[in-house]
Amino acid sequence: MTEKCILLEVKDKVALVTLNRPPVNALNRAMRRELVAVFDEISARDDILCAVLTGQGSIFCAGADLKDRPSTDIPGDFLEHNRITRETGNAIRECAKPVIAAINGTALGAGLGLAAACDILYASDNATFGMPEINVGLAGGASMLRTLFGRSTVRRMFFTGQRLSAAELLRRNVLEDVLPAEELLPVTMELAREIASKAPLAVIYAKRAANMVDVMPQRDAYRFEQEFTMALSRTEDAREARMAFLEKRAPQFKGR
């Protein structure tokens, strides 16, 4: 039986998703399909309210597997490859639940794209980041870089393949924190449990709102959020949250 490239563990309403393709967790098409399926499952499961994405070993993800390049001689092969490549990041970005990246080492190319698709980013102090496609005669990934960096840095990294350290990303406010390797998962899992303790519908609406306001003018985005707030105010969980606050007790949410 073939070992899974993506491991999924669920506890306390938190999903731990681990990239598991030694030695460097390079992404091939089969691994991408597994990743899409896992995040679609997380979106659909009521017992999951937050996810943490990390890598097995000391490397988060070294990028795309160059041995799994599509063939220009097979009609449609490049288009199929490109489609599953796009959907890998989209499955994380569009996941109904918040996703925290626990970047435990090198994140290059498509690996940096996975991190960029997450909602909240933490890294170990040995992590490095880059988009090295230019070094193998390719060009791709600027759309991921621009979600993290300013115009000049995007172009410098894109045109040269240069890497930045976790400390540099922390200085640029790209990461929430840089931690010793042994502290990375405990810290990110604790944050995930805190998010998972909130009202389930509010968490799902909050993730949807955060995605939408990224691409909307401020006036329209705020109106969009207000409509969510109005809808949530009618839920049992919202009433329970208010009563629990007033009564100084832990809320008991029902997801409705």
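Laboratory data are not the source of any read-out in this text; all were calculated from the coordinates shown. A quick note: this is a predicted structure, and the numbers were derived from the prediction, not measured. Reconstructed Cβ throughout: ideal geometry from the backbone, glycine too, with neighbour counts over all protein chains shown.
Both numbers refer to the Cα atoms of the stretch 115-194; Rg and Dmax are 13.7, 44 Å. Around Glu240, what is the net charge, scoring Lys/Arg as +1 and Asp/Glu as -1 over all other residues with Cβ under 13 Å from its Cβ? With Lys, Arg at +1 and Asp, Glu at -1, the net is +4.
For helix 236-246, report the angle its Cα long axis makes with the longest principal axis of the Cα atoms of the chain; keep it between 0 and 90° and round to the nearest 10°. Value to nearest ten degrees: 70.
Around the amide H of Asp177, modelled in the peptide plane, lie the amide H atoms of Ala123, all under 5 Å away and 5 or more residues distant in sequence or on another chain. Size descriptors for the stretch 48-124 (Cα atoms only): Rg and Dmax, in that order, 14.0, 44 Å. Rounded to the nearest 20, the size of the Cβ-charge dipole of the stretch 200-246 about its Cα centre is 60 debye, with Lys and Arg at +1 and Asp and Glu at -1. Under 11 Å from the Cβ of Leu49, count the other residues' Cβ atoms, weight Lys and Arg +1, Asp and Glu -1, and hand me the total. Summing Lys and Arg as +1 and Asp and Glu as -1 gives +2.
Considering the options Met31, Ala209, Gly140, tell which one lies farthest towards the positive end of the dipole of the chain, charges being +1 on Lys and Arg and -1 on Asp and Glu at the Cβ, about the Cα centre. The residue sitting most towards the positive pole is Ala209.
Kirkwood radius, the chain, all distinct C-alpha pairs, inverse of mean reciprocal distance: 19.4 Å.
Helix 200-213 versus the longest principal axis of the chain: what angle, 0 to 90°, nearest 10, using Cα atoms? Taking the Cα atoms of the chain, the angle to 200-213 is about 50 degrees. When the GluC sites (Glu not before Pro) in the stretch 89-191 are filtered for DSSP coil states and for at most 15 other beta-carbon atoms within 10 Å of their beta-carbon, the remaining sites are Glu94.
A simple charge model with +1 on the Cβ of Lys and Arg, -1 on the Cβ of Asp and Glu and nothing else charged puts the dipole of the chain at about 580 debye relative to its Cα centre. Against the compact-protein benchmark of 2.2 N^0.38 Å, the Cα-based radius of gyration of the stretch 200-246 scales to 1.26. Positive end of the dipole of the chain (Cβ unit charges, origin at the Cα centre): among Thr128, Leu246, Ala64, the Cα lying farthest that way belongs to Leu246.
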